[in-house]
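Each value in this text was obtained by applying a stated rule to the coordinates, not by laboratory testing. Source: prediction; values computed, not measured. Quick reminder, even Gly has a Cβ in these numbers, built from the backbone with ideal geometry, and neighbours come from all protein chains shown.
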Amino acid sequence: MLKIFFFHLLTIALFAEHLIEPIPINNTYNKKKALLGKELFSEKNLSTSLNLACIDCHNLFDDDKISTLIKKTQFNPPTVMNAVYNYKLFWDGRVSSLEEQVRETLESNFSNKNEEKLYINLLKSKYENKFKKIYKDGFLLDNIIDAIVEFEKALTTPNSRFDKYLKGEINALNQEELIGYEIFKAKGCMACHNGVNMGGNAYSKLEITNNEESIYKGCYGNIFNARKTIYSKVPSLRNVSLTGPYFHNGSVVKLDEAIKQASLLALRRELSTNDISSLTIFLKTLKGEKPVILNENIDDQ
């Protein structure tokens, strides 16, 4: 088994450049719908409590703000940056598209059509005219979902220095960062963190403690078992220096500590202080450009 493991790591090292792809520069989305979705993303009346917006849980490049969801549930919501490139969504990967993700989140607010109607009427006076300008059928739940999806499609962060390196700009990374990349390949990190998003397309086993059982049984109900093991979606490493705290429960604040723990949990090995430092330096090169839409408003169109 040990020989097979090291052969796997060698294969990863040899073909690493083929396992990671740069984030596409020209992603496709409807700008008018996306700007309306951006406004809805900050709308607190989308929640049953009327005081919680999407942005309260899914921070948009604001590394000083801790998600409200972590404070309330001890559950760390994944970043929505580049979520359009994820193979599965939610930590347990229970849906396969942004539309399913947004729909499930919003429809959790009500249990029947009457509740849905009251929910829509609550928001109608504020948004009806804006929706009529963009959607022929006006202000409907399906169109709310569609607008938020278009906004999430726009949240891509291309042109990181690492992406430029992958595209052939050999001077995009300095010597320290290249050493970190070589360690990333040699230690087997690439086995889970690959693809466009360097994650989001595979699952890893996660052991949980007794006091976590009540929290995660609800969130991972379809994959939770009696041995207290869950299979969690591997998180994206894109912009990882900005997306802390880390892990499913937000238990780690610093990136270097997250690297140390991830190696112990996933690779069953302890990294040296120098390796952790080099990996931290490399991972900071995954910070891409801020999505253009974050600097645009619907009133500017």
Percentage, to the nearest whole number, of Cα pairs in the range 31-155 over 24 Å apart:
25
Checked against a 28 Å limit on the C-alpha separation, the offending pairs among Lys33/Lys284; Lys88/Lys254; Lys88/Lys130 are Lys33/Lys284; Lys88/Lys130
Taking the number of other C-beta atoms within 10 Å as the exposure measure, put Leu279, Leu98, Leu50 in order starting with the fewest.
Leu50, Leu98, Leu279
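A 27 angstrom limit on the alpha carbon distance is what I want to check against. Which of Lys44/Lys117; Lys32/Lys233; Lys44/Lys205; Lys44/Lys164 exceed it?
On the way: Lys44/Lys117 18 Å; Lys32/Lys233 32 Å; Lys44/Lys205 35 Å; Lys44/Lys164 38 Å.
From the list (Lys44/Lys117; Lys32/Lys233; Lys44/Lys205; Lys44/Lys164), the Cα-Cα distance tops 27 Å for Lys32/Lys233; Lys44/Lys205; Lys44/Lys164.
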